[in-house]
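This report concerns only the one structure given below.
Just so you know, all these numbers are worked out from the coordinates, no wet-lab data involved. Being a predicted model, the structure only gives us computed values, none of them experimental.
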Amino acid sequence: MKAKLTGTKTHENLKAAFAGESQANRRYLYFAKIADVEGYPEVAGNFRDTAEGETGHAHGHLDYLKAAGDPAFFIATAATEN
């Protein structure tokens, strides 16, 4: 049986953690772009690797939220008439 997650402090913390990991991913990719432009391909690669790690963390949070029955997973996201 799933424990009720919605509305708990844990739920809020998981959503905040997901947001933080997602923002970190985008930040590292931005830094990678700058490093490429400035001629530091190895540094850019390190930033991309770090961004990939942040993506893994974010996906872990999403997996847990989904398994716990987070209501956001049950909302249609791309409904069309066709």
Share of Cα-Cα pairs in region 1-65 beyond 20 Å, whole percent, is 40 percent
Scoring region 9-68 by relative contact order with C-alpha pairs under 8 Å, at least six apart, yields a percentage of 45 percent
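How far, in nm, would the chain grow between ALA67 and ARG27 when pulled straight, counting 0.36 nm per residue and subtracting the alpha carbon separation? Walk me through the intermediate numbers first.
Working: separation 40, 0.36 × 40 = 14.40 nm, distance 2.79 nm.
So the extension gain works out to 11.6 nm.
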Excluding residues fewer than 8 positions from LYS4 in its own chain, the aspartates and glutamates with Cα under 17 Å of it are GLU12, ASP63, ASP70
Phi angles of region 18-30, converted by Karplus (6.51 cos²θ - 1.76 cosθ + 1.60, θ = phi - 60°) into ³J(HN,Hα) in whole Hz with x for Gly and Pro, give 4, 4, x, 5, 5, 5, 4, 4, 5, 4, 5, 5, 5
Extension length gain for GLU12 and VAL43 (0.36 nm per residue less Cα distance), in nm, is 7.7 nm
